[in-house]
Structures are given as structure tokens and as C-alpha cells.
1. Can you find a residue in the stretch 101-119 that is among the small types (Gly, Ala, Ser), out of contact with any His (no Cβ under 9 Å at 6 or more places or on another chain) and part of a helix (DSSP H, G or I)?
2. List pairs: first in the stretch 11-33 and under 18 Å from Leu154 (Cβ atoms), second of a type in the set (D, E, K, R) and open to solvent by less than 50 Å² (accessible area, probe 1.4 Å), Cβ under 7 Å, 6+ apart or cross-chain?
3. Cβ-Cβ distance below 8 Å, separation of 6 or more or different chains: which pairs start in the stretch 128-140 with a residue that is closer than 18 Å to Ser39 by Cβ and at pLDDT 85 or above and end on one that is open to solvent by 20 Å² or more (accessible area, probe 1.4 Å) and charged (D, E, K, R)?
4. Among the residues of the stretch 1-23, which ones are exposed (fewer than 10 other Cβ atoms within 10 Å of the Cβ) and outside any helix (DSSP H, G or I)?
5. Looking at the stretch 126-148, can you tell me whether even one residue there is open to solvent by 20 Å² or more (accessible area, probe 1.4 Å), over 17 Å from Thr48 (Cβ atoms), polar (S, T, N, Q) and out of contact with any strand residue (DSSP E or B) (no Cβ under 7 Å at 6 or more places or on another chain)?
Amino acid sequence: LSGSGSQLPQIKQSLKGEGSLVLENGALKNVNVLWELLSQITLFPGLTEFLQQHTAETPFEELLKDPHTSFEKAKLQLKIENGRAIFDTVSLQHEAYSLFASGAADFEGGVNFTGNLKIHQEMSEHLIKKVREVMILANRRGELEIPFLYRGPLATAKPWPDVANLARQVVSTQSAEI
């Protein structure tokens with residue numbers, strides 16, 4: 001990492017560098033990506049209601065009620081330039097899900113990421129059994145995949161389903177079945 005300047009704004013703009021980072025047994029604090037994305041998909045009648053009313057009946061209750069997104073391993077590839085950290089790849093691994101994203105965070109606190117949440121087979125099967133319609137989000141291995149966006153001021157940003165990519169995914173899944 002290199003940079004120069006005598007004032008913080010100059011230093012922020014001049015920073016340059018790249019690198020990678022691996023974290024183990026951590027969490028994204030104050031955001032449960034799994035819960036946020038599943039609870040916002042209103043495309044499937046009954047999914048939100050099932051999650052709100054029957055979370056205790058799932059073997060994944062702790063994951064859904066956790067205020068954080070825990071992970072076993074996180075890997076990040078990033079480049080710093082022009083007052084931003086550009087993340088070429090971000091991956092979070094958990095036994096129940098994987099999250100992949102790319103995007104940028106500026107030094108003023110803004111974030112802009114696109115990503116994909118893959119819910120591993122056991123949890124996907126459970127959700128499909130309870131709300132059959134979500135099956136159209138499943139890949140060939142039976143894992144639910146939810147494309148998402150994560151944008152805004154870092155302090156208040158929340159992930160939400162990427163409706164355009166979700167629609168393409170549903171059309172693609174339906175076309176493959178015909």
C-alpha cells in the first residue's frame with residue numbers, strides 16, 4: 001500500500017495497492033444476509049410467512065435468528081485506488097451457505113456490491129419442502145441461489161434480492177424445463 005499527502009482527503013485519494021485477505025470463524029456484524037434475502041423475496045406466496053411464523057420449526061433456526069452473518073472462512077481479493085477499495089472477489093463459506101460478491105467501498109462509507117447467495121442442499125431441500133414454489137431458484141444440484149445487491153451507506157446498507165437477475169434466473173430455469 002502506498003500513498004502521499006499532508007491532508008486526509010489527499011491521502012485517501014492517493015492510496016494505491018492490492019492484496020488478499022483470508023479470515024476464519026468470523027461474522028458480518030449487524031446483518032443476517034440469509035434472513036434479509038429470504039424474507040424479502042415476495043415472489044413466492046408463503047415464504048415470508050413461513051419464515052416469520054415457523055422459524056423455530058426449522059433445523060436452521062439459529063442461522064435465521066442470528067443478527068449477524070457468520071462464516072467459517074472468508075476470502076477477499078482487493079485493489080485500492082482513487083479513494084476506493086475495489087473487491088474483485090469476496091467469498092464467505094459456511095456449512096449451510098456460500099456467498100460470492102464483487103464491488104467497491106469508497107473511503108466516505110459508501111458500498112456497491114453485487115453477489116450471489118447459494119444455500120447448500122440440506123437447507124434448500126428443507127425450504128423447498130415447506131414452500132415448493134422456491135424450487136425455481138434451485139440450481140442443478142438442488143441448491144437455492146439468490147442474486148443480490150448491497151448498496152448505500154455502509155452504516156445502513158442491507159442486502160436485497162437483485163430482481164432483474166432473479167427474473168432472468170427464473171426464466172432460465174423455466175426454459176430449461178420445457
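1. Within the stretch 101-119, the subset among the small types (Gly, Ala, Ser) is 101-105, 109-110, 115.
Adding the requirement that they be out of contact with any His (no Cβ under 9 Å at 6 or more places or on another chain) leaves 101-105, 109-110, 115.
Still in the list and also part of a helix (DSSP H, G or I): none.
Looking through the stretch 101-119, none of the residues is among the small types (Gly, Ala, Ser), out of contact with any His (no Cβ under 9 Å at 6 or more places or on another chain) and part of a helix (DSSP H, G or I).
2. If the second residue must be of a type in the set (D, E, K, R) and open to solvent by less than 50 Å² (accessible area, probe 1.4 Å), the pairs left are Asn32/Asp66.
3. Qualifying pairs under 8 Å: Leu137/Glu145.
4. Let us first name the residues in the stretch 1-23 that are exposed (fewer than 10 other Cβ atoms within 10 Å of the Cβ), namely 1-2, 6-8, 22.
Once the filter is applied, which keeps residues that are exposed (fewer than 10 other Cβ atoms within 10 Å of the Cβ) and outside any helix (DSSP H, G or I), the stretch 1-23 yields Leu1, Ser2, Ser6, Gln7, Val22.
5. no
The values are calculated or read from the model by the stated rules, or taken from the named source; none is laboratory data. Not measured: the values here are computed from a predicted model. Here Cβ is always computed from backbone atoms with ideal geometry, including for glycine, and neighbour counts include all displayed protein chains. Just the protein is used for accessible areas: all its heavy atoms, side chains included, with ligands, DNA and RNA removed. Shrake-Rupley method; radii C 1.70, N 1.55, O 1.52, S 1.80 Å.
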